[in-house]
Amino acid sequence: MDTTLDAVPGAAPAQWPRRPAGIAYGGDYNPEQWPEEVWAEDVALMREAGVNLVSVGIFAWAMVEPEEGRYTFDWLDRLLDLLHAAEIAVDLGTPTAAPPSWFLHRHPHVRPVTRDGQVLGSGGRQSFCPSSPEYAAAAERVTTQLARRYATHPAVVLWHVNNEYGAPVGECYCAVSAAAFRDWLRARYRDLDALNEAWGTTFWSQRYGDWSEIDAPRTAATVVNPAQRLDFARFTSDALLDNYRRERDILHRLAPGIPVTTNFQLANCKALDYWRWATEVDVVSNDHYLQAERADNHVELAMCADLTRSVAAGRPWLLMEHSTSAVNWQARNIAKRPGEMRRNSLAHVARGADAVLFFQWRAGRRGAEKFHSAMLPHGGTGTRIWREVVDLGLDLSALRPLRGTRVSADVAIVWDWAAWWALELEWRPSVDLTYRERIEAYYGQLWRDHLTVDFVHPEGDLGAYPLVVVPSLYLTTPAAAANLRAYVDGGGSVVVSYFSGIVDADDAVYPGAYPGALRDLLGLEVEEFLPLREGERVRLSDGTVGDVWAEDVRLAGATAVATYVDGPAAGGPAITHHRFGAGHAWYVSTRAHGEDLRGVLRNAYAGVGLMPPAGIPDDVEVVRRTGPDASYTVIINHRADAATVAVTGMELLTGEPCPGSVTVPAGGVRVVASSR
C-alpha cells in the first residue's frame, strides 16, 4: 500500500499579502448586487471605517461569464480601479463555488448526488460533483481569464479560490465520483489483494476480484464496510483538494508573486483533512461563526482560533469571515450584544490572526442571506453596529505592532480528521461517542486554567510541549503510537481519554486487549468496554462523577489514581498513572467534565512542573503574542463585572503605564505591551 497519502504534512512557505501594512480589516464585498451608483458611497464609508482589504467576485461567475466563452470584465475593471484609488486592497475570488445556470443547464449530470441517490438541484452553491471533468474544464477557463486580466492590477494582493470547500456539499456519490474513487484506490493500494486485506473483505463476502466491482459506499440494506467509508472520506478530501490545486496552479503560473488561499472552516467542516490542505495554501485563512446559543461560545471561538493557528504551523493567519452580529442560518439567529463583536474580533487577533474580515460589507436585500448581519447594516450609519465597526477599525489600526508576532502555547491537544471520520461511523459501542465532545471538554478546562493550546497532528512534532492531551484518538496509526511513546519516553506527559488507540488506519482493531496501540504506553489493559445507559452516572473514589462510559481496566504497570465506587466497573481502576521512560502517561476511562477534569489535569501539570497562571479571574482570557522586540498581552473580560489582572513591566498599547495591574471593564478588552 502507498502510505505516502497519509504522510504527516510539513509547513508550506507562507506568503503574506504585500498590503495592507498593518492588521487587515474589511470583508466580503458584493457590488454586483447593487446599482453602480452605490459603489462610490461604499468606498467612502469603507475609508471612514478603516477598511483596507475586501474580498471581491467570490460568487460572480455569471457576471464575469454570462454565457459560455463570453466574458464581461468592464464592471470589475471599474470596481478594482475605484478600490485602488481609495487605497483599499483586494482579495480577488475565483467564482467557482457557484456555477452559473447556463453551465448546470448544459451539464445537468454534473449536479452532486447524495449517499441515498438524491440528485441535488441548482440555485444554491457548491452544486457540482468534485470529480466532474466538465466542471474542471469550466473552472480552469474562468480562472485563466481572471488571472490573465488581473495579474498585474495594483489592487490585487491576494487570490481567493472558490469558497468553503466541503460546505454545504462534501461527498458526491454519482457514477463519475465512483469511477474517480476507483482510480484513487488504485493509486493508494496498487493491487486488489492489498485493498481486500485493508478493507477486511472476507467479512460478509465482500471480496473484490476486479476494480470495476467497487462502488461508492452508497446507502445499503445495513451498515457498509467502515474501511470503505473511511477511504471514501479520504478520497473526498483529496478530490476537493485537486480542484483547489488546479486553480491555484493557474494563478501561480499567470500571476506570480500574489499569494493564493481558500477559506477553511476549521473545527466545523468534517469533510476535509486540513492538515493536508494547509500545506497547499500560501497563507491559511479561516471562517468562524459564533455558536450563538451556547453560553460558552467564546471558548469554542478560542478553540477554533487555536486550531487555525496550529494548521498554519504557528504563522499568522487571516480571519476571512465572521459576523458583526446575527447570522441567517442557525436555528435561532441570536444577535450579538454591545461589545461582543469587538471581543470576538480581538480574541481571534490574540490567537494569531493578522486579519479581521467579515461576511459581509453591505447587508443584502435579496437572496438567502438577506438577514445576515453586515458591517453596513440595512439601517445604515445610524446603527450601533456601524458605530462598533468604525471603532473596531480604530482598534485594529492601533494594534498594527502585533502584525507578524507569534503566539506561544503552553500545552497541546492531538487533533486528527481521520480519527473524527472513523469514530463517528455506525455501530460503535455507544451513540454518545462523538469526536468533538471530548476535544471540547479538555480544551474548555485548559482554557479555564488560562493555558494556551496548540493542536498537533498525532504523528507531528510534540517536543515543544511539556503536556499533550489525547482526548479522542480512536483511530491511532502505528506511527502515531510510536510518536506518543517516544515523546513520553523522552520526558513528556500525556493525558489520554477513553476509546483511544483502538483501531489502525483501516479501522481494524489492534490485536490483543484494548487500548491496542497505546496499551504499553498506558501500562494497562481494558478487558471490556462498559458503556452506560442514558442518564446513568458512576462515582469515583476521588469524588469524580462520570457518565456515558466506563471500562473494566486491568493494571499492567500503571497505578490507580482513582477507582470506581459504583456502576458496572465498581472496585476497578478508573483513572491511572504510568511512569514510562522519563515521562508520565495518565488515562481517564470515563467521561468527566469541568472541575472533575481539572483534578486530573492538575495532577498532570504537577508531574511536569507546569503551573497555570495565578491571579487571573474566571472567564478572563489572557493570551500573549511575541515579536523580536516586544510582547503583547491581550486580556479579554467575558464577565459581567470588571476584572483586574496583575501585570508587571508593561504599559497599555496606548502608552499609559500599568502600575502592577490592569483593570478591564465588563465585556472589555485591553492590550498591554512590554519590551523584550
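The values are calculated or read from the model by the stated rules, or taken from the named source; none is laboratory data. Since the model is a prediction, treat every value here as computed from it, not as a measurement. A quick note on method: Cβ atoms are made from the backbone with ideal geometry, for glycine too, and the neighbour counts reach across all protein chains shown. Protein only, heavy atoms only, side chains kept; ligands, DNA and RNA dropped before computing areas. Shrake-Rupley method; radii C 1.70, N 1.55, O 1.52, S 1.80 Å.
Odds and ends about this structure:
- Helical mean residue ellipticity (222 nm; -39500 (n - 2.57) per DSSP H run of 4+; nearest 500) of the chain: -9500 deg cm²/dmol
- Three-way shape label, segment 215-271, alpha-carbon gyration tensor, a/c 1.5: prolate
- Here, P(r) means the percent of Cα pairs in each 5 Å bin from 0 to the largest distance; for segment 520-676 it is 2, 8, 14, 13, 12, 9, 9, 10, 10, 8, 4, 1, 0.
- Extension gain, R253 to T434, is 60.9 nm, computed as 0.36 nm per intervening residue step minus the present C-alpha separation.
- As a rough guide to protection, the peptides 40-47, 111-118 ranked by mean Cβ packing within 10 Å, highest first, stand as 40-47, 111-118.
- Gyration tensor (alpha-carbon) shape descriptor, segment 354-463, a/c threshold 1.5: oblate
- The portion of the accessible surface of segment 123-176 made up by carbon and sulfur, rounded to a whole percent, is 51 (1.4 Å probe; DNA, RNA and ligands excluded).
- Distance between the modelled labels on E369 and A179, one decimal in nanometres: 3.4 nm (7 Å Cα→Cβ projection).
- For the chain: accessible area per residue (Å², 1.4 Å): 37 Å²
- The apolar share of the surface of segment 557-676, taken as the fraction of accessible area on carbon and sulfur atoms (1.4 Å probe, ligands and nucleic acids excluded), comes to 52 percent.
- For the Cα trace of segment 58-102, dividing Rg by the Kirkwood Rh returns an Rg/Rh value of 1.03.
- Close amide H pairs (under 5 Å, H built 1.01 Å from N) link L652 with C658, A673, residues at least 5 positions away or on another chain.
- If the chain linking R78 and S397 were pulled fully straight, counting 0.36 nm for each residue of separation and taking away their Cα-Cα distance, it would gain 112.1 nm.
- Once the C-beta distance of N328 and T222 is scaled by a Förster radius of 45 Å, the resulting FRET efficiency is 0.75 to the nearest 0.05.
- Cβ-derived FRET efficiency at R0 45 Å, T202 paired with A666, nearest 0.05: 0.10
- Cα-projected label distance for A614 with E68, points at 7 Å along beta-carbon direction, nm: 7.3 nm
- Quotient of C-alpha Rg and 2.2 N^0.38 Å, computed over segment 236-373: 1.11
- Each of E527 and T383 was given a label point 7 Å from its Cα along the Cα-to-Cβ line. The distance between the two points is 6.4 nm.
- Of the solvent-accessible surface of segment 194-236, computed with a 1.4 Å probe over protein heavy atoms with every protein chain present, carbon and sulfur atoms account for 52 percent.
- Rounded to the nearest 20, the Cβ-based charge dipole of segment 77-215 about its Cα centre (Lys and Arg +1, Asp and Glu -1) stands at 300 debye.
- One chain, two ends: D629 and A85. Fully extended at 0.36 nm per residue, the span grows by 192.4 nm beyond their Cα-Cα distance.
- Along the axis of the charge dipole computed for segment 518-593 (Cβ charges of +1 for Lys and Arg, -1 for Asp and Glu, origin at the Cα centre), the listed residues H584, L532, L518 are led at the positive end by H584.
- Cα-centred dipole magnitude for segment 284-331, charges only on beta-carbon of K, R (+1) and D, E (-1), debye, nearest 20: 180 debye
- Using the Cβ-Cβ distance between A194 and E140 with R0 set to 30 Å, the FRET efficiency from 1/(1 + (r/R0)^6) comes to roughly 0.35.
- Cα radius of gyration and Dmax for segment 88-152 (Å): 13.8, 47
- Taking all protein chains as they are arranged and a probe of 1.4 Å, the heavy atoms of H109 leave approximately 100 Å² accessible to solvent.
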